[in-house]
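Trainee: I'd like to ask some things about the structure below.
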Amino acid sequence: MEKVPKIISNFSQLKYLKIGGDFFIKNKIRKIENLDDLKKLEILDFENNQISKIEGLEKLVRLRQLFLAWNKIKKIEGLEHLSQLQILDLLGNYIQKIEGLEKLFQLKFLFLHHNWIQKIEGLENLSNLETLYLSYNQIEKIEGLVNLSQLKRIYVDNNQIEKLEGLENLSRLLHQSKI
């Protein structure tokens, strides 16, 4: 499949939509489109496609889970209207900087492993975040986690971190990966 079919807009009561491949079979969708009428959508899965830009989600204000793993996304953007989002999966993309998450106050799970992130930043407003995956990036230092008072799990293995520090203020932390 190379495009999101226009007929999908006829299913306005839809709550879950998966147009993703799997690890062995990729779809060829390059653009998120034709979803404006799916106002009741709560879960959207576009894993294993060819998407390079996060767009076309403005009207999906009920969205709680968004899966965009294994695409070609370079920048986190276009999420500011998704105030109900609790799970964001951007695993296996080309993201270099954590940004564009400022208005995702309800976010609980953030998957950013297997990217090109160099610094932990842009998480200040995610006070409800419980689980953070940052393994397999280019991070050298653990920082920028001070406001994450609900954080229970953090995964930072396989980065450039030499010393595991910067987690002292996270009183709810139950699990941290080894470096």
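Computed from the coordinates by the stated procedures, all read-outs in this text should not be read as laboratory data. Model, not experiment: these values are computed from the prediction. Neighbour counts run over all protein chains shown; Cβ positions are idealised from the backbone, glycine included.
Trainee: Listed highest first by mean packing, meaning other Cβ atoms within 10 Å per residue, what order do 73-81, 44-52 come in?
Mentor: Values: 73-81: 16.4, 44-52: 20.6.
Order by mean packing, descending: 44-52, 73-81.
Trainee: Starting from the 7 Å offset along Cα-to-Cβ, what nm value, one decimal, do you get for the label separation of Tyr94 and Glu165?
Mentor: 3.6 nm
Trainee: Which residues' amide hydrogens lie under 5 Å from the amide hydrogen of Glu33, considering only partners 5 or more residues apart or on another chain, with H built in the peptide plane?
Mentor: Here the answer is Val4, since their amide H atoms fall under 5 Å of that of Glu33.
Trainee: With θ set to phi - 60° and the Karplus curve 6.51 cos²θ - 1.76 cosθ + 1.60, what are the ³J(HN,Hα) couplings of segment 74-89 in order, to the nearest whole Hz, using x for Gly and Pro?
Mentor: Ordered by residue, 3J(HN,Hα) equals 9, 9, 7, 7, x, 10, 4, 8, 9, 5, 8, 4, 10, 10, 10, 10 Hz.
Trainee: Just to be sure I understand: of the beta bridges DSSP finds with both ends in the chain, what percent are antiparallel, rounded to 5?
Mentor: 0 percent
Trainee: Moving to a separate point now. Give the long-range amide H neighbours of Ile117: residues separated by 5 or more places, or on another chain, with amide H under 5 Å away, using H modelled in the peptide plane at 1.01 Å from N.
Mentor: Gln138
Trainee: Compute the distribution of all C-alpha to C-alpha distances in segment 95-179, in bins of 10 Å from 0, and list the percent of pairs in each, rounded to whole numbers.
Mentor: The percentages, shortest bin first, are 19, 58, 23, 0.
Trainee: If you take every DSSP beta bridge fully contained in segment 94-179, what fraction is antiparallel? Give it as a percent rounded to 5. Working shown, then result.
Mentor: On the way: 0 of 8 bridges.
Among the beta bridges of segment 94-179, antiparallel pairing accounts for roughly 0 percent.
Trainee: Would you kindly derive the ³J(HN,Hα) couplings of segment 46-60 from the backbone phi angles with the Karplus curve 6.51 cos²θ - 1.76 cosθ + 1.60 (θ = phi - 60°), listing them in order in whole Hz, with x for Gly and Pro?
Mentor: Result, ordered by residue: 10, 5, 6, 10, 10, 5, 10, 9, 7, 7, x, 10, 3, 8, 8 Hz.
Trainee: In whole Hz, what ³J(HN,Hα) sequence does segment 91-105 give by Karplus (6.51, -1.76, 1.60; θ = phi - 60°), x for Gly and Pro?
Mentor: So the J values, rounded to whole Hz, are 4, x, 10, 10, 6, 10, 9, 7, 7, x, 10, 3, 9, 8, 5.
Trainee: Stokes-Einstein diffusion coefficient for segment 1-75 at 10 °C in a medium of 1.306 mPa s, Rh from the Kirkwood formula over Cα pairs: what value in µm²/s?
Mentor: Estimated via Stokes-Einstein, D reaches 129 µm²/s.
Trainee: Please compute the Kirkwood hydrodynamic radius over the chain, one decimal place, Å, based on all pairs of different Cα atoms.
Mentor: 16.7 Å
Trainee: Taking only Cα atoms and a 10 Å spring cutoff, compute GNM fluctuations for the chain and point out the largest among Phe67, Phe109, Phe11.
Mentor: Maximum fluctuation in the GNM of the chain, among the listed residues, is at Phe11.
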